[in-house]
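For reference, the structure is listed below as C-alpha cells.
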Amino acid sequence: MLSDKERRKELGDFLKTRRARLSPQDFGLPIGPRRKTEGLRREEVAQLAGIGITWYTWLEQGRDIQVSSEVLEAISRVFRLNEEEKEHLFLLANQPLLSKVGRPLVESVNSVLKNLLSQLKYCPTYVTDEKLNIVSWNKAATVVFGDFNKMNDRDRNAVWRCFASKEYRELFLNWEDHAQRLIAQFRLAYTRFVGDEWFKDIIKELTNKSPEFRNWWPKHEVLGTPCGKKTLLHPLVGEMIMDHITLQVYDAPELKLTIYQPRQEGETEQKMKRLLQLVSRPTIKE
C-alpha cells in the first residue's frame with residue numbers, strides 16, 4: 001500500500017539532501033559573510049530552476065501539491081541529478097518517467113532464465129526481484145554466497161543478508177563499499193513502494209540491527225547496478241577476484257540477473273572448480 005504522506009515526506013527529504021550537496025559557487029552566486037545555510041538556499045534553487053520560491057518550499061515541506069514534469073526537469077538540471085536520482089525524483093513526485101510506464105510484470109523466473117543459470121557453471125549467478133529478494137540461483141552462487149536453499153525469505157534478501165549476516169560481511173574485502181552501493185540500489189527500489197508494509201518492516205529491522213544501515217539510509221543516496229570488480233575472501237579457498245555485472249531481464253523488467261565471473265588473477269577459476277567439487281547435488285531452485 002502506498003502512502004501519499006510518506007511519499008511526499010520522502011520527496012522533501014530527498015530534495016533537502018540534494019540541495020545541501022551544492023554550493024552557491026557552483027553557480028557563480030555570491031556568498032555573504034552571514035550565510036549559515038549548508039549548500040544552496042531554497043530561494044536560490046527556485047531562482048535557478050525558474051519556479052516560485054513558495055512552490056519549491058511546499059515541495060520540501062511535503063505539502064499536498066501537484067508538480068509537473070517540466071518543474072521536475074528543471075530541478076533535476078539544477079541539482080545535476082544522474083539518471084537514477086532523476087528517476088527517484090520523478091517517482092516520488094508521482095510523475096514516472098515515460099520510458100518506465102506500461103512495462104509488463106511476471107511473477108516467476110521462466111525456464112529459459114533458469115537454464116541460463118545452470119549453463120553459467122563457474123560463474124556465481126543469481127536473480128533478484130524488485131525488492132532485491134534473491135529468487136533464483138545456480139550452484140556456483142551457493143558455494144560462494146551461501147546455500148540459498150536452506151535460507152528463509154528474509155535471509156534471501158540481498159540487503160538484509162548484507163547488513164545482518166556476519167559471514168556475508170566477512171566475505172567481501174571491501175564490505176563497506178559494497179554495502180553502501182547496495183543500500184543506494186535499495187533506496188531506488190524503495191521509491192516505487194514508499195509506504196509498503198514489507199519495506200517499512202525491513203527498514204525498521206535493519207535500522208535497529210545495523211549501525212551502518214542506520215547511518216547511511218537517511219543520506220538518500222540512489223544508484224543503479226554498476227559493473228566492476230569484487231574481491232571475495234572465501235573461508236575455504238581464500239581470495240577470489242571476480243568481475244561482476246547486473247543485467248535487467250527484458251521480458252520481466254522487475255527481475256535482474258547478477259553474474260560474478262572469475263578472473264585469472266589469484267587462480268580464481270581454479271578455486272571455483274575446487275569449491276564446486278565439494279557440492280554433489282544440484283541446487284537450482286525449481
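Laid out as a table, the results:
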{"read-out": "Some residue of the range 218-232 being free of Cβ contacts under 8 Å to residues at least 40 places away in the same chain and under 14 Å from the mean Cα position of the chain (by Cα)", "value": "yes"}
{"read-out": "All positions within the range 31-56 that are open to solvent by 90 Å² or more (accessible area, probe 1.4 Å) and more than 16 Å from Arg80 (Cα to Cα)", "value": "Pro33, Arg34, Lys36, Glu38, Glu43"}
{"read-out": "Subset of the range 61-95 (residues that are in contact (Cβ under 8 Å) with a residue 24 or more places away in the chain, more than 23 Å from the chain's Cα centre (by Cα) and open to solvent by less than 80 Å² (accessible area, probe 1.4 Å))", "value": "Gly62, Val67, Ser68, Ser69, Ala74, Val78"}
{"read-out": "Search result, residues across the range 45-76 that are over 17 Å from Gln95 (Cβ atoms) and polar (S, T, N, Q)", "value": "Gln47, Thr54, Thr57, Gln61"}
{"read-out": "Tally, over the range 17-52, of residues that are of a type in the set (Asp, Glu) and not in a helix (DSSP H, G or I)", "value": "1"}
{"read-out": "Restricting the range 110-136 to residues that are closer than 22 Å to Leu276 by Cα and part of a loop (DSSP other than H, G, I, E, B), the residue that is most open to solvent (accessible area, probe 1.4 Å)", "value": "Lys121"}
{"read-out": "Test: residue in the range 21-30 that is under 22 Å from the mean Cα position of the chain (by Cα), modelled with pLDDT of 90 or more and open to solvent by less than 60 Å² (accessible area, probe 1.4 Å)", "value": "no"}
{"read-out": "Test: residue in the range 167-174 that is surrounded by 14 or more Cβ atoms within 10 Å (Cβ to Cβ) and under 17 Å from the mean Cα position of the chain (by Cα)", "value": "no"}
{"read-out": "Some residue of the range 43-57 being at positive phi and more than 24 Å from the chain's Cα centre (by Cα)", "value": "yes"}
{"read-out": "Odd one out for Leu182 among (1) open to solvent by 20 Å² or more (accessible area, probe 1.4 Å); (2) outside any strand (DSSP E or B); (3) touching a Cys at 6+ places or on another chain (Cβ under 6 Å)", "value": "(1)"}
{"read-out": "The range 1-20 - residue that is open to solvent by less than 40 Å² (accessible area, probe 1.4 Å) and not charged (D, E, K, R) and, of those, nearest to Glu60 (Cα to Cα)", "value": "Gly12"}
{"read-out": "Output for the range 139-157, where each listed residue is crowded, with 21+ Cβ neighbours inside 10 Å and farther than 21 Å from Leu116 by Cα", "value": "Asn157"}
{"read-out": "Out of Gly28, Gly39, sole residue that is touching a helix residue (DSSP H, G or I) at 6+ places or on another chain (Cβ under 8 Å), without any contact (Cβ under 8 Å) to a residue 24 or more places away in the chain and over 30 Å from Phe199 (Cα atoms)", "value": "Gly39"}
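The values are calculated or read from the model by the stated rules, or taken from the named source; none is laboratory data. In this text the structure is predicted, and so the values were computed from the model without any measurement. Virtual Cβ from ideal backbone geometry, glycine too; neighbours counted across all protein chains shown. Calculation scope for accessible area: heavy atoms of the full protein, side chains included, ligands and nucleic acids excluded. Shrake-Rupley method; radii C 1.70, N 1.55, O 1.52, S 1.80 Å.
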